[in-house]
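The values are calculated or read from the model by the stated rules, or taken from the named source; none is laboratory data. The structure presented is a predicted model; accordingly, all values stated were derived computationally and were not measured. Glycine gets a Cβ as well: all are built from the backbone with ideal geometry, and neighbour counts include every protein chain shown. Accessible surface is based on the protein model in full, side chains and every heavy atom, while ligands, DNA and RNA are left aside. Shrake-Rupley method; radii C 1.70, N 1.55, O 1.52, S 1.80 Å.
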Amino acid sequence: MSNDKLRAAVIPLSSEEGDKTAALVGRGLALEFIDWLKLAKVECVLLTSTHVDDDGRQRSLVNFSEELDTQTVSDIVSMAQEEHSDGEDDAAEVPNIQIVFSGYLKRVGETFDVSFHVTDAAGAYPRGSAQAHITAGQFGNEVASLFTESAKLAGLNTSTRYSPGTARLAAWNQLMVARALRLAGEVGALSNDLPDVFDPAIKAARLDRNCTAARDRLCELAEVLVFERGYDPQKALHALDDVTRLVGVSWRSVQVRGQLLEALGKHAEAAKHFLRLLKGAHEAPTPELAGRAAFAAARAYNQCGKHEDAERLAARAMKIDDLKVEAIIESGVANLGQGKKAVAERLWQRALELDPEHIGAHLRLAHYYASHEEVKKAGEQFARVTAIEGVPREVYADAAEFYYNHRLFDEAIKTARRFAEEFPGEPIAHLLCASALNALGRHDDARKELDLAELCAGVGALKDLSTRQRRWSEHPSSEARLHAAAERVFGEEPASVADELGALIKEYPDFWEARMLLGIALRRMEKWQEAKEQFEEILKERSVPAADKELTGIYSQLGELAKALEFAKRAYDTQPDDPEIVANYAAALLENDELTEAYKFARRAESMAPADEVTRTLIQQILARSESRGFLANIKAAAKFVTKKLRRKKK
């Protein structure tokens, strides 16, 4: 039988109960064997499973403590195939397995005794076993012989020799542990706060400074843990820097470092890393990878406001077929940032012509139309995107919120209920539905939805979100009074509204939205200290970016510019995609004489094409002032530099 027709599976090696190192090395060795088999064009999968603790909080990989007999191996294969046959998407992951490799690994001091067992899954009989004693002096040859002999027992033809990636057994052990940790990360069997998850790769590099495999293992581990499991990208970045200082840099490490910088919000630095993959010593090895680097650079440049560069790089990424639609969408973002709104709209429409069900293109158009008060067009895009199968939950929430904000309450209810059907147990879906029902005066139905939301997530978890809706459904007049006050806060007589809002807060002390309006009224009356107290009271128990933004202006009026910048930064960190919040941050930076940063964030706010005239005017004022003050600052710096030169010459 030729290799490409044989379908095999590997079960992670069993190990002595309680020996965590042996278990990790055994899993890593199983993954090494799979990769080696794939070089020989063998279709091979790993059969592993996880165990969840009684409290449901911690998941861990199952580890066998005894060698598996033929019947146990056959049972494991049967269960895996039955489990995956139930799901359409995963059915192809476990093929009709013919050969199964299992085994046992025992740690003996600094060495390992390993046995591989080969089982014919179709006939349920053993084909034989191969053994190896892995020692420091010959471990590479010993593992290679173990792999080759096991393949022969399975009837496979192999010509590629196994390469351990290092000449030191201790470094190889750490590489196996790093591989095992990646596997645990892929199935969610690692705790997010594990402190030393990247240490094995770092140790391998320290033990052998020629071990470039340590760098490769760390890159794989960082991608899984940071981008799939939410690990701290800063820790991953430090670990990557430690390893590359020891074993050197590769195009792969440059790519991953750029991705980590992007995750940290350092978009300009990330873009520079992606550009290094387009030419030079660390150029990506294939045109497709180079195209992906160009796309990543375009995305990063858009994030830091360099839209002309982003457009240029997006054009390069469009040459890669698999990236064409994504690159067109990113080019639309770049054109919008340059003020070319019609071009951006046409690009997003073009993306939908190529891929009518592209969620990102629909959302770009929906948000574009919404920001320009084209409610009908925005609603059409939201309707189309929520009709697509497999839409993420965030899209439903976004659409329902849009309909609610534009008083399309029936559509909001319809979307929220579809959200609840597609994602059973999602409390936000029921909260959104309750909000729209309350707005239509259907308070009994709203209370039922609130009960469902609290059933899904618990009363305590939703307290801040559900309190207002619960109050509205039980005391409709409270919300009517709030709405009436909201319409008058920005009128000619904020003082009269302040008294009414104070009375409302006295009746309902947890009505923070009323307190927010009271703070605005006091701010309009230039009662800075009293307004400050209201907004600070709101922020004691919750994060409200609008309150942070209000405090920015109040502290500015009180002359506490550093404090103003602190609250502007807090608001920006919470809502970095809100043009008003970004403009507020830019203004605070300008007041603190951080001219370059002020200009950068003002440009970013401008690229978001804010709909309201006040924000647009503020942005233009910030740009004009930062450019003017930046010019004067440059003149002063140049004059100072020339003076120093003249003084040196005189001396």
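Looking only at the stretch 137-155, filter to residues that are touching a residue at least 60 places away in the same chain (Cβ under 8 Å) and among the small types (Gly, Ala, Ser); which one of those is surrounded by the fewest Cβ atoms within 10 Å (Cβ to Cβ)?
Here is the first cut: in the stretch 137-155, the ones touching a residue at least 60 places away in the same chain (Cβ under 8 Å) are 143, 147, 150-151, 154-155.
After this cut, where a residue has to be among the small types (Gly, Ala, Ser) as well, the list is 150-151, 154-155.
Working: Ser150: 27, Ala151: 24, Ala154: 23, Gly155: 15.
The selected residue is Gly155.
Could you check the stretch 264-279 and list, in sequence order, the residues that are farther than 17 Å from His238 by Cα and surrounded by fewer than 23 Cβ atoms within 10 Å (Cβ to Cβ)?
Step one: of the stretch 264-279, the residues farther than 17 Å from His238 by Cα are 267-268, 271-272, 274-279.
Within the stretch 264-279, His267, Ala268, Lys272, Leu275, Arg276, Leu278, Lys279 qualify.
Which residue pairs have Cβ atoms under 7 Å apart, sit 6 or more places apart or on different chains, and have a first residue in the stretch 29-45 that is closer than 16 Å to His117 by Cβ and a second that is open to solvent by 30 Å² or more (accessible area, probe 1.4 Å)?
If the second residue must be open to solvent by 30 Å² or more (accessible area, probe 1.4 Å), the pairs left are Ala30/Leu46; Ile34/Leu46; Cys44/Lys38.
Which condition breaks for Gly248 when tested against (1) surrounded by fewer than 19 Cβ atoms within 10 Å (Cβ to Cβ); (2) closer than 15 Å to Ile329 by Cα; (3) not hydroxyl-bearing (Ser, Thr, Tyr)?
The single condition Gly248 does not satisfy is (2).
Regarding the stretch 174-185, can at least one residue be identified that is part of a helix (DSSP H, G or I), without any contact (Cβ under 8 Å) to a residue 12 or more places away in the chain and either touching a Pro at 6+ places or on another chain (Cβ under 8 Å) or not β-branched (Val, Ile, Thr) (or both)?
Going through the stretch 174-185, the residues part of a helix (DSSP H, G or I) turn out to be 174-185.
Still in the running and without any contact (Cβ under 8 Å) to a residue 12 or more places away in the chain: none.
Scanning the stretch 174-185, I find no residue that is part of a helix (DSSP H, G or I), without any contact (Cβ under 8 Å) to a residue 12 or more places away in the chain and either touching a Pro at 6+ places or on another chain (Cβ under 8 Å) or not β-branched (Val, Ile, Thr) (or both), so the answer is no.
Quick check, is Thr467 of a type in the set (Val, Ile, Thr), more than 29 Å from the chain's Cα centre (by Cα) and in a helix (DSSP H, G or I)?
On the way: of a type in the set (Val, Ile, Thr): yes; more than 29 Å from the chain's Cα centre (by Cα): yes; in a helix (DSSP H, G or I): yes.
Yes, satisfied.
Tell me which residues, restricted to the stretch 551-565, are open to solvent by less than 80 Å² (accessible area, probe 1.4 Å) and either among the aromatic types (Phe, Trp, Tyr) or assigned to a helix (DSSP H, G or I) (or both).
Within the stretch 551-565, Leu551, Thr552, Gly553, Ile554, Tyr555, Ser556, Leu561, Ala562, Lys563, Ala564, Leu565 qualify.
The conditions are (1) over 30 Å from Pro579 (Cα atoms); (2) out of contact with any Leu (no Cβ under 7 Å at 6 or more places or on another chain); (3) part of a loop (DSSP other than H, G, I, E, B), and Gly339 fails exactly one of them. Which is it?
Every condition holds for Gly339 apart from (1).
Would a scan of the stretch 566-581 turn up a residue that is over 29 Å from the mean Cα position of the chain (by Cα) and open to solvent by less than 60 Å² (accessible area, probe 1.4 Å)?
Pass one, the stretch 566-581, residues over 29 Å from the mean Cα position of the chain (by Cα): none.
The answer is no, given that none of the residues of the stretch 566-581 is over 29 Å from the mean Cα position of the chain (by Cα) and open to solvent by less than 60 Å² (accessible area, probe 1.4 Å).
For Pro356, work out the one condition from (1) in a loop (DSSP other than H, G, I, E, B); (2) in contact (Cβ under 8 Å) with a residue 24 or more places away in the chain it doesn't fulfil.
(2)
For the stretch 484-512, name all the residues that are open to solvent by less than 30 Å² (accessible area, probe 1.4 Å) and touching a residue at least 40 places away in the same chain (Cβ under 8 Å).
Listed by number, the list holds a single entry, Phe511.
Cβ-Cβ under 7 Å, sequence separation 6+ or interchain: first residue in the stretch 390-403 and over 20 Å from Lys377 (Cβ atoms), partner surrounded by 20 or more Cβ atoms within 10 Å (Cβ to Cβ). Which pairs?
From residues that are over 20 Å from Lys377 (Cβ atoms), the pairs are Arg393/Phe419; Arg393/Glu426; Ala397/Phe419; Ala397/Ile428; Ala397/Leu432.
Exactly one condition in (1) surrounded by 19 or more Cβ atoms within 10 Å (Cβ to Cβ); (2) more than 22 Å from the chain's Cα centre (by Cα); (3) within 21 Å of Leu264 (Cβ to Cβ) is false for His282; which is it?
(1)
For the stretch 410-455, how many residues are over 19 Å from Val395 (Cβ atoms), of a type outside the set (D, E, K, R) and open to solvent by 50 Å² or more (accessible area, probe 1.4 Å)?
3
Taking only pairs six or more apart or across chains, which ones have beta-carbon atoms under 8 Å, a first residue in the stretch 95-113 that is free of Cβ contacts under 8 Å to residues at least 24 places away in the same chain, and a second residue that is among the basic types (Lys, Arg)?
Going by the 8 Å Cβ cut-off, the qualifying pairs are Asp113/Lys106.
Return a yes/no flag: does the stretch 212-231 have any residue that is buried (at least 22 other Cβ atoms within 10 Å of the Cβ), closer than 28 Å to Leu183 by Cβ and in contact with a Gly (Cβ under 6 Å, 6 or more places away or on another chain).
yes
Look through the stretch 523-550, keep the residues that are closer than 21 Å to Ala587 by Cβ and open to solvent by less than 20 Å² (accessible area, probe 1.4 Å), and return whichever of them is farthest from the chain's Cα centre (by Cα).
Within the stretch 523-550, the match that is farthest from the chain's Cα centre (by Cα) is Ala531.
Would you pick out the residues in the stretch 496-516 that are part of a helix (DSSP H, G or I) and among the charged types (D, E, K, R)?
Asp499, Glu500, Lys506, Glu507, Glu513, Arg515, listed by residue number.
Does Ala314 fit the bill of being assigned to a helix (DSSP H, G or I), at pLDDT 95 or above, in contact with a Ser or Thr (Cβ under 6 Å, 6 or more places away or on another chain) and within 19 Å of Ala300 (Cα to Cα)?
It is true that Ala314 is assigned to a helix (DSSP H, G or I), at pLDDT 95 or above, in contact with a Ser or Thr (Cβ under 6 Å, 6 or more places away or on another chain) and within 19 Å of Ala300 (Cα to Cα).
Just give me the residues in the stretch 103-136 being open to solvent by less than 40 Å² (accessible area, probe 1.4 Å), of a type in the set (S, T, N, Q) and part of a strand (DSSP E or B), in sequence order.
Kept after step one, since they are open to solvent by less than 40 Å² (accessible area, probe 1.4 Å), are these residues of the stretch 103-136: 103, 105, 111-112, 114-121, 128, 130, 132, 134-135.
Among the residues that remain, those that are also of a type in the set (S, T, N, Q) are: 111, 115, 119, 135.
Hits for the stretch 103-136 are Thr111, Ser115, Thr119.
Identify, from the list Thr48, Thr21, the residue that is touching a Pro at 6+ places or on another chain (Cβ under 8 Å) and either of a type outside the set (D, E, K, R) or modelled with pLDDT of 80 or more (or both). Explain how you work it out, then say what you get.
Details: Thr21 fails: touching a Pro at 6+ places or on another chain (Cβ under 8 Å).
So the residue among Thr48, Thr21 that is touching a Pro at 6+ places or on another chain (Cβ under 8 Å) and either of a type outside the set (D, E, K, R) or modelled with pLDDT of 80 or more (or both) is Thr48.
Quick one: is Ala290 surrounded by 23 or more Cβ atoms within 10 Å (Cβ to Cβ) and in contact (Cβ under 8 Å) with a residue 12 or more places away in the chain? Steps first, please.
Working: surrounded by 23 or more Cβ atoms within 10 Å (Cβ to Cβ): no; in contact (Cβ under 8 Å) with a residue 12 or more places away in the chain: yes.
In short, no.
Out of all the residues in the stretch 602-623, is one or more modelled with pLDDT of 85 or more, surrounded by 20 or more Cβ atoms within 10 Å (Cβ to Cβ), within 30 Å of Asp309 (Cβ to Cβ) and not aliphatic (A, V, I, L, M)? Steps first, answer last, please.
Applying the first criterion (modelled with pLDDT of 85 or more) to the stretch 602-623 yields none.
No, the stretch 602-623 contains no residue that is modelled with pLDDT of 85 or more, surrounded by 20 or more Cβ atoms within 10 Å (Cβ to Cβ), within 30 Å of Asp309 (Cβ to Cβ) and not aliphatic (A, V, I, L, M).
Which of the residues that make up the stretch 76-102 are assigned to a helix (DSSP H, G or I) and either open to solvent by less than 70 Å² (accessible area, probe 1.4 Å) or at pLDDT 85 or above (or both)?
Of all residues in the stretch 76-102, those assigned to a helix (DSSP H, G or I) come to 76-85, 91-93.
Ile76, Val77, Ser78, Ala80, Gln81, His84, Ala91, listed by residue number.
For the stretch 156-168, how many residues meet the condition of being open to solvent by 60 Å² or more (accessible area, probe 1.4 Å) and touching a Cys at 6+ places or on another chain (Cβ under 9 Å)? It would help to see each step written out before you state the result.
Here is the first cut: in the stretch 156-168, the ones open to solvent by 60 Å² or more (accessible area, probe 1.4 Å) are 157, 159-161, 163, 167-168.
Keeping just the survivors that are touching a Cys at 6+ places or on another chain (Cβ under 9 Å) gives 167-168.
Here the count works out to 2.
Name, by its number, the condition in (1) β-branched (Val, Ile, Thr); (2) touching a residue at least 40 places away in the same chain (Cβ under 8 Å); (3) under 25 Å from Val100 (Cβ atoms) that does not hold for Ile134.
(2)
Does Ser477 satisfy being over 33 Å from the mean Cα position of the chain (by Cα), open to solvent by less than 20 Å² (accessible area, probe 1.4 Å) and polar (S, T, N, Q)?
Working: over 33 Å from the mean Cα position of the chain (by Cα): yes; open to solvent by less than 20 Å² (accessible area, probe 1.4 Å): no; polar (S, T, N, Q): yes.
So Ser477 fails the test.
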